[in-house]
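**Q** The structure's right below; bear with me while I get my questions together.
The values are calculated or read from the model by the stated rules, or taken from the named source; none is laboratory data. Since the model is a prediction, treat every value here as computed from it, not as a measurement. So basically every Cβ, Gly included, is an ideal-geometry build from the backbone, and we count neighbours across all protein chains shown. These accessible areas exclude ligands, DNA and RNA; they are computed on the full protein's heavy atoms, side chains included. Shrake-Rupley method; radii C 1.70, N 1.55, O 1.52, S 1.80 Å.
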Amino acid sequence: MIDLSDICIISANSLESENASRNRILSLVNAALEQGHEVKLISMDHDNYHLLEDANFNHYKIPFIDTKIPSFVKRAFLEMKIASLALKKAKEMNCDINLITIPSMFLLHMSAILPAHKVNVLDIRDLSWEYLDTKSLINRVAKTIFTKSALFNLKRFKIISVTNDHEFEYISKYVSDYQNMIKVPNGVSLSIFEQLSSVVENKSNNKTVTYIGNVGLAQDLSTLVEVSKQLPNVKFNIVGGGTDFERIYALADHTASNLNFLGRKNFDELIEIYNSSDILYAQLTPDFATAMPSKLYEYLSTGKYIIYGGQGVASATLSKFENVSLIQPCSVEILKQEIEKVLSEFNSSLSVLNREKIQAQYIRDVTVKYLISLF
């Protein structure tokens, strides 16, 4: 490989408010800095927010645009605008290496903006074009177009990283050089793991089920809200925000005291929420069976009991761990029964095995360093 030292990392996310994106990019930035590169980061954040301070790091911002709206068409155009602004900014910087990190598929669709003679790298966190439902004609047409565009634009990248075996198999069908593909699991960074692995058992008298993460259509937290109405003696927490938050909030019985909407929290605040929880809950609807939420690696790092409603990649990964219940998604009755079963039979002890397995196989710093070394 040629010795290159000027790296531009391009994100269409707001790192200030999106923990999963921030943690992954922080690992990329730190690994690049450790290997002597100069790093420039582009993200959709406010001017006064800086990811970190380092002499060889500069954080550039594109204007913040709120895409948390229900209209699919309007959201697509807004995300296209964000991607265009980010890529044009990267082109102006003229770095030796451009690293696009998605789930924003529009960064991939519009990647022709980047100079073709540079080393362009694609970091795939999600095959987001595959998640579009096909219930309406416009969605079916959009999914076809986005899929064809994504696969066509893969050829623009000299190195592609993916997060799991399913993504590797999917992408490898459309790229000619397997040598330039690498798996970089979502996982957790070492610093995050060290804090999560210090989480303790719930010392309060309240049996508590907690969801932490994005409140979107993919998660359909209406299942959890309905269960909270049927289990008044169990405390439920929903931590986070997203496009489906208003609908989920409206479904809740706000005269009851056992369901708490805690909003977005910074990581320090999350630790105390983890400490006071007995069960950590997550769900993805069947349309998102190929996704592996990075939040699940954080859940596993705590050693707490996990109930996951879903199928596919995430279920297959979780099946390798203990203290996990894998259930059918979007079933109020099944979730209710599983919560009652776990709370009555499980002794709340933390899983040392889960923590050890995360430390051995899913610390992002290690795999990210290898990705950066390919440059």
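**Q** Determine whether Val199 is touching a Lys or Arg at 6+ places or on another chain (Cβ under 8 Å) and either open to solvent by less than 70 Å² (accessible area, probe 1.4 Å) or of a type in the set (D, E, K, R) (or both).
**A** Criteria met by Val199.
**Q** Run Ser276 past the list (1) touching a Lys or Arg at 6+ places or on another chain (Cβ under 7 Å); (2) farther than 22 Å from Pro103 by Cβ and report the number of the one that doesn't hold.
**A** Of the numbered conditions (1) touching a Lys or Arg at 6+ places or on another chain (Cβ under 7 Å); (2) farther than 22 Å from Pro103 by Cβ, the odd one out for Ser276 is (1).
Every residue, every condition in (1) among the charged types (D, E, K, R); (2) touching a residue at least 24 places away in the same chain (Cβ under 8 Å); (3) part of a strand (DSSP E or B); (4) buried (at least 19 other Cβ atoms within 10 Å of the Cβ), yes or no:
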residue	(1), (2), (3), (4)
His117	no, no, no, no
Thr134	no, no, no, no
Ile138	no, yes, no, no
Leu151	no, no, no, no
Ile160	no, yes, yes, yes
Glu167	yes, yes, no, yes
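**Q** Among the residues of the stretch 97-111, is there at least one that is open to solvent by 50 Å² or more (accessible area, probe 1.4 Å) and either over 27 Å from Ala316 (Cα atoms) or in a helix (DSSP H, G or I) (or both)?
**A** No, every residue in the stretch 97-111 fails to be open to solvent by 50 Å² or more (accessible area, probe 1.4 Å) and either over 27 Å from Ala316 (Cα atoms) or in a helix (DSSP H, G or I) (or both).
**Q** Within the stretch 218-257, take every residue that is of a type in the set (A, V, I, L, M) and open to solvent by 20 Å² or more (accessible area, probe 1.4 Å) and give me the one that is farthest from Gln328 (Cα to Cα).
**A** Looking at the filtered set, the residue picked out is Ala256.
**Q** Still on this structure: Could you list all residues from the stretch 68-96 that are assigned to a loop (DSSP other than H, G, I, E, B) and surrounded by fewer than 19 Cβ atoms within 10 Å (Cβ to Cβ)?
**A** Passing the criteria: Lys68, Ile69, Pro70, Ser71, Asn94, Asp96.
**Q** Scan the stretch 169-186 residue by residue and report those that are outside any helix (DSSP H, G or I), of a type in the set (Val, Ile, Thr) and closer than 13 Å to Asp123 by Cα.
**A** The answer is Ile182, Val184.
**Q** Among the residues of the stretch 187-205, which ones are farther than 21 Å from Val368 by Cβ and either assigned to a strand (DSSP E or B) or of a type in the set (Val, Ile, Thr) (or both)?
**A** Once the filter is applied, which keeps residues that are farther than 21 Å from Val368 by Cβ and either assigned to a strand (DSSP E or B) or of a type in the set (Val, Ile, Thr) (or both), the stretch 187-205 yields Val199, Val200.
**Q** Go through (1) closer than 27 Å to Leu217 by Cβ; (2) touching a residue at least 40 places away in the same chain (Cβ under 8 Å); (3) not basic (Lys, Arg) and name the single condition Asn98 misses.
**A** Of everything listed in (1) closer than 27 Å to Leu217 by Cβ; (2) touching a residue at least 40 places away in the same chain (Cβ under 8 Å); (3) not basic (Lys, Arg), Asn98 misses just condition (1).
**Q** Run Ser189 past the list (1) open to solvent by less than 60 Å² (accessible area, probe 1.4 Å); (2) touching a residue at least 40 places away in the same chain (Cβ under 8 Å); (3) of a type outside the set (Phe, Trp, Tyr); (4) in contact with a Phe, Trp or Tyr (Cβ under 9 Å, 6 or more places away or on another chain) and report the number of the one that doesn't hold.
**A** Among (1) open to solvent by less than 60 Å² (accessible area, probe 1.4 Å); (2) touching a residue at least 40 places away in the same chain (Cβ under 8 Å); (3) of a type outside the set (Phe, Trp, Tyr); (4) in contact with a Phe, Trp or Tyr (Cβ under 9 Å, 6 or more places away or on another chain), Ser189 violates only (4).
**Q** Additional query: Go through the stretch 26-51 and give me each residue that's in contact (Cβ under 8 Å) with a residue 40 or more places away in the chain and under 12 Å from Ile372 (Cα atoms).
**A** Matches in the stretch 26-51: Ser27, Leu28, Asn30, Ala31, Ala32, Glu34, Gln35, His37.
**Q** How about the stretch 87-116: which of its residues are more than 20 Å from Ala291 (Cα to Cα) and of a type in the set (Val, Ile, Thr)?
**A** If the condition is that a residue be more than 20 Å from Ala291 (Cα to Cα) and of a type in the set (Val, Ile, Thr), then Ile97, Ile113 are the ones that fit.
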